[in-house]
């Protein structure tokens, strides 16, 4: 089939076939990463029903080549203001930020009767999925989870699965496992996440005042405040006596991931098929395992494995969580989970699940939850899988 050349540049070769479909081959610097980004973004946009972008027809990753529908001719006369509104709508309604938001990436389709956006080699999205299951030990689920966007207008609670850009809002994902005080376990975990949802957006007020917010310091102050709030809420109420909760929180900004944890809820990173535990269980048994003094099998069967010396609340005078700041990159996957998930999964199971289907967090979350519950399922089990499916910087 003869192909009509459309663009032959350093970054890509684009041609049109007899049926009008677009054939694009990526080349040049970071071609593989740009190919993966464009394919992932087009899939996400199709899933979300975006009508004014190309539809992916064929993938050939080994050749860095794909085929898509044609979105018309370049809109050479479009004004910058109009182009900006189109890119803003793409981000606002479909959660994708185009990092090459120039008029050259706007076309007009006579067939669709509208302006379209093309060339998603550079874009920025996070894709997540959360799941929770009540254990067989008791009817009530004491675990809680939250996903919210943090911005200048405060916090916007997000659904259990979706995609979102980091252009104007940070994204925060957290899991908490409640404990203690009769019916207070679920109350404690829910209170922690509600309070974090209120406190974290305050960093945008600091930025608006022209100051550079210290995110780790802000996290520390937030957790101390939440710790006191839990203790005050429990004081004088017999049914809430000793209520406490763990926390594993991942705060994504355009520059870094900031994380905090107290107790034995965890955050993992999967990068290039290798699994890294980013948090620390606050038990003496965990320390022995990490130092190589006992095996994973011995750790999992340790009689003091769940004896936590650090939790949020619990009537303790203070809390000393673990904090860290790390960079993230395209292709990274994160798992945030309660200890119920770990009860039914070995580290190798988590490694394998996170390495598969990198652009489908819903499938990964279901796989991990089902396997853990099938293997154990006694404790409440909660997890969030987050995929970084696109570059976070222009130079990618």
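Every number here is computed from the coordinates shown, using simple stated rules; none is lab data. Predicted model, so just to flag it, every value in this text is computed and none were measured. Virtual Cβ from ideal backbone geometry, glycine too; neighbours counted across all protein chains shown.
Full extension of the chain segment joining residue 47 with residue 111 gains 20.9 nm, where the gain is 0.36 nm per residue of separation less the Cα-Cα distance. The C-alpha atoms of region 200-313 occupy a region whose extents along the principal axes are 52, 50, 18 Å, arranged from largest to smallest. Here the spin labels are modelled as points 7 Å beyond Cα on the Cα-Cβ line, and at residue 194 and residue 370 they lie 3.5 nm apart. The fewest-to-most ranking of 272, 316, 98 by surrounding Cβ atoms within 10 Å reads 272, 316, 98.
Rounded to the nearest 10 degrees, the inclination of helix 80-94 to the longest alpha-carbon principal axis of the chain is 40 degrees. Relative to the longest principal axis of the Cα atoms of the chain, helix 31-47 runs at roughly 80 degrees. Output the 0 to 90 degree angle, nearest 10, between the alpha-carbon long axis of helix 361-375 and the longest principal axis computed from the alpha carbons of the chain. Helix 361-375 sits at roughly 30 degrees to that axis.
For the chain, a Gaussian network of Cα nodes joined below 10 Å ranks 30, 222, 101 by mean-square fluctuation, and the top entry is 30.
By the count of other C-beta atoms within 10 Å, a proxy for reagent exposure, 81, 347 are ordered fewest to most as 81, 347.
How would region 289-396 be classified by its alpha-carbon gyration tensor: rounded, prolate or oblate, with rounded meaning a/c under 1.5 and the a/b versus b/c comparison settling the rest? Note, shape of region 289-396 comes out oblate.
Report, in whole Å, the centroid distance computed from the Cα atoms of region 329-357 and region 31-83. Each part reduced to its Cα centre gives a spacing of 30 Å. Between residue 351 and residue 291, the modelled labels are 2.4 nm apart [label points 7 Å from Cα along Cα→Cβ]. Of the two radii for region 4-123, the radius of gyration is 0.93 times the Kirkwood radius, both from the alpha carbons; that is the Rg over Rh value. Report the relative contact order of the chain, percent, no decimals, based on alpha-carbon pairs under 8 angstrom and at least 6 residues apart. The value is 16 percent.
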